[in-house]
Amino acid sequence: MLVGDWFLAEVLADDRDAADPYAPPERLQGDVTSRKATGASMQETDAASVAGDVYRVGALAYHLLTGAIPGPNPATASSANPALPAELDPVLDRALVADPADRYETALAFDDEFRWAALDR
């Protein structure tokens, strides 16, 4: 016997996101939830989910590198941690931008840019 989807993730999403320091701005504003409720296409919802994932990975990287959780307008990573190369700043800035359409298209694209910026010395 298999246990079916009980929609627990959707029910708990609001409570989880309220306490999630890496939640993307659009998730905190309810945009993704409202897209699902208004019948947005699966492709639109998936794109929002990917953009949210990119934000979360960028926020985690920023936190690990600077020791600070990024807020709405975070300082550049290299100014928060002078040991970091300035080449990382535009990479992290793009991952953490408020508009999901302006973020990297995939987490892999973010990873590629991040590696080049971090290791290209």
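Just one of the listed residues (68, 59, 86) is closer than 15 Å to residue 113 by Cβ and either among the charged types (D, E, K, R) or modelled with pLDDT of 90 or more (or both), and it is 86. Give region 54-97 a look and list any residue that's open to solvent by 60 Å² or more (accessible area, probe 1.4 Å) and touching a Phe, Trp or Tyr at 6+ places or on another chain (Cβ under 9 Å), or say none. Within region 54-97, 56, 57, 60, 69, 87, 94 meet the criteria. For region 77-121, the helices (runs of 4 or more DSSP H) that sit wholly inside it and include 3 or more residues that are at negative phi, among the hydrophobic types (A, V, I, L, M, F, W, C) and over 13 Å from the mean Cα position of the chain (by Cα) are 107-119.
The values are calculated or read from the model by the stated rules, or taken from the named source; none is laboratory data. These numbers were taken from a predicted model, which means no experiment stands behind them. FYI the Cβ positions are ideal-geometry reconstructions off the backbone, even for glycines, and counts take in every protein chain you see. Heads up: the accessible areas ignore ligands, DNA and RNA and are worked out on the full protein's heavy atoms, side chains in. Shrake-Rupley method; radii C 1.70, N 1.55, O 1.52, S 1.80 Å.
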